[in-house]
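Participant: Here's a structure for you.
The values are calculated or read from the model by the stated rules, or taken from the named source; none is laboratory data. Fair warning: this is a prediction, and the values are worked out from it, not measured in the lab. All Cβ positions, even for glycine, are placed from backbone atoms using ideal geometry, and neighbour counts span all protein chains on display.
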Amino acid sequence: MAHYTIGQEKDLFAVDYASLQAELDAAFGVQAVALAGADGYVETLVNKQDIDPARLDELVRAHGAPDVGTRRTLEAAKERACAAVDADAERRRLLVLTPGAGQAMEYDQTAREVLAAQAAPDPLDPVRFPYLEAERAAYAAIGVVLTLRQIAQQTTAAMTAWAAYGAAIKADRRMAKLKIGAVTASSPGEVDAALGQIEAIKTGIGWPDIPVGL
């Protein structure tokens, strides 16, 4: 397929290049040249000045598929839907996570200490595990007495639950975006149906429930 800039509006038409070339040769006795466009389209340029533009447009439309308006409408809808899916996924992550770059560092350091604690003998040294000790002290402040080992075990369980929840969100997010990306419209008349498919995919995601322990 090639694409041709048609009419004063400069609408791009997807065309069967071989078929169009045969028509151009028959109608005008000219050669057409295909050049790759910056946006990935291929624009057909005709190297003769006295061609009847109306006749040329007629030939292109006869061998064309959807114009760029159709494509851009659909692509814009896909972009909006994918952005909405990403935002919904993040909102669901934040139901169990605290946002922020510093908080992410805290999660990372805590995870490192948990892994180190799993290989360390009792009693765990609070100097070596300051983030686990901070969690223990927080519980102690509300009257809940736990050892560092219990804190490490509790945190391990929460990390395992988060991993399953986060992975389920990723699976739903990626599947939805791939399905959205696969929606097509082969003519302007099919755009409404395609937009409906995109909306149905976006709103029909079966996001996971928050697991116990998070």
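Participant: Filter the range 197-214 down to the residues that are without any contact (Cβ under 8 Å) to a residue 12 or more places away in the chain and part of a helix (DSSP H, G or I), then identify the one that is nearest to THR160 (Cα to Cα).
Facilitator: THR203
Participant: To continue, here is another question. Within the range 164-175, can one find any residue that is assigned to a loop (DSSP other than H, G, I, E, B) and under 19 Å from the mean Cα position of the chain (by Cα)?
Facilitator: The answer is no; no qualifying residue exists.
Participant: Now, a different point. Output the residues belonging to the range 139-148 that are assigned to a helix (DSSP H, G or I) and surrounded by fewer than 17 Cβ atoms within 10 Å (Cβ to Cβ).
Facilitator: Result: TYR139, ALA140, ALA141.
Participant: Testing PRO123 on (1) part of a helix (DSSP H, G or I); (2) of a type outside the set (Gly, Ala, Ser); (3) loosely packed, with under 10 Cβ neighbours inside 10 Å, one condition comes back false. Which one is that?
Facilitator: (1)
Participant: Considering only the range 176-196, state which residues are touching a residue at least 12 places away in the same chain (Cβ under 8 Å) and within 18 Å of the chain's Cα centre (by Cα).
Facilitator: Answer for the range 176-196, where residues must be touching a residue at least 12 places away in the same chain (Cβ under 8 Å) and within 18 Å of the chain's Cα centre (by Cα): ALA176, LYS177, LYS179, ILE180, GLY181, VAL183, THR184, ALA194, LEU195.
Participant: Only one of these conditions is not met by GLU75: (1) surrounded by 13 or more Cβ atoms within 10 Å (Cβ to Cβ); (2) under 30 Å from VAL191 (Cβ atoms). Which number is it?
Facilitator: Unmet for GLU75, out of (1) surrounded by 13 or more Cβ atoms within 10 Å (Cβ to Cβ); (2) under 30 Å from VAL191 (Cβ atoms): (1).
Participant: Right, something else. For the range 179-214, which positions are over 30 Å from THR155 (Cβ atoms) and acidic (Asp, Glu)?
Facilitator: Listed by number, the residues that qualify are GLU190, ASP192, GLU199.
To keep it simple, each residue is scored yes or no on (1) buried (at least 16 other Cβ atoms within 10 Å of the Cβ); (2) touching a residue at least 24 places away in the same chain (Cβ under 8 Å); (3) in the same structural domain as ASP86 (by TED's automatic domain parsing); (4) small (Gly, Ala, Ser).
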residue: ALA137; (1), (2), (3), (4): no, no, yes, yes
residue: GLN153; (1), (2), (3), (4): no, no, yes, no
residue: THR156; (1), (2), (3), (4): no, yes, yes, no
residue: THR160; (1), (2), (3), (4): no, no, yes, no
residue: ALA171; (1), (2), (3), (4): no, no, yes, yes
